[in-house]
Amino acid sequence: MLRAVLGFTAAQITLVLCAAFIMQRFVWTDLESAGAVRASAWLAVIVQTFTFAIAMLVARTQVMAGWGLGVLLRFATVAFWAFLGAKALGLPSTPALMSLVVFYFVSTVIEPIFLNAH
């Protein structure tokens with residue numbers, strides 16, 4: 001299980017870094033927006049690693065429950081980021097939210113590869 005979590009985390013960080021680089025270089029190039037993208041990248045990596053570990057633990061017996069819990073946690077963090085997190089940190093909302101959703105998407109796409117490896 002630890003090998004799958006570490007592999008997923010490494011792959012996820014690579015994808016998130018690539019996506020963040022592209023967004024900061026071509027989409028949101030000002031300093032405030034780039035800071036929002038970086039903050040969202042950190043949040044996405046932390047939450048995705050946590051949800052992946054939960055999915056690994058629960059997947060043995062309740063695959064759908066693990067998947068559903070992960071979806072719920074990701075949705076809750078997007079809502080939190082939209083209503084409190086980004087504003088509390090003084091981040092521009094659009095880059096903060098859009099980048100978080102992109103990071104969740106790219107890391108969720110690779111999740112089954114590592115779940116099936118277990």
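How about the stretch 73-103: which of its residues are part of a helix (DSSP H, G or I), in contact with a helix residue (DSSP H, G or I) (Cβ under 9 Å, 6 or more places away or on another chain) and farther than 14 Å from Leu43 by Cα?
Within the stretch 73-103, Lys87, Ser93, Thr94 meet the criteria.
Can you confirm whether Ser93 is under 24 Å from Phe21 (Cα atoms) and touching a Leu at 6+ places or on another chain (Cβ under 7 Å)? Quick ask: steps written out before the conclusion?
On the way: under 24 Å from Phe21 (Cα atoms): yes; touching a Leu at 6+ places or on another chain (Cβ under 7 Å): no.
No, not satisfied.
Only one residue in Val71, Val78 is modelled with pLDDT under 90 and either in contact with a Gly (Cβ under 6 Å, 6 or more places away or on another chain) or aliphatic (A, V, I, L, M) (or both), so which one is that? Show your work before the answer.
Values: Val78 fails: modelled with pLDDT under 90.
Only one candidate passes the filter, namely Val71.
Suppose the filter is in contact (Cβ under 8 Å) with a residue 40 or more places away in the chain, surrounded by 17 or more Cβ atoms within 10 Å (Cβ to Cβ) and either of a type in the set (Lys, Arg) or closer than 24 Å to Ala4 by Cα (or both); does Ser107 pass it?
Numbers: in contact (Cβ under 8 Å) with a residue 40 or more places away in the chain: yes; surrounded by 17 or more Cβ atoms within 10 Å (Cβ to Cβ): yes; either of a type in the set (Lys, Arg) or closer than 24 Å to Ala4 by Cα (or both): yes.
Yes: the conditions hold for Ser107.
How about the stretch 89-108: which of its residues are among the hydroxyl-bearing types (Ser, Thr, Tyr) and touching a Ser or Thr at 6+ places or on another chain (Cβ under 7 Å)?
Filtering the stretch 89-108 for residues among the hydroxyl-bearing types (Ser, Thr, Tyr) gives 93-94, 99, 104, 107-108.
If the condition is that a residue be among the hydroxyl-bearing types (Ser, Thr, Tyr) and touching a Ser or Thr at 6+ places or on another chain (Cβ under 7 Å), then Ser99 is the only one that fits.
The values are calculated or read from the model by the stated rules, or taken from the named source; none is laboratory data. Model, not experiment: these values are computed from the prediction. Positions of Cβ are backbone-derived with ideal geometry, glycine not excepted, and every protein chain shown enters the neighbour counts.
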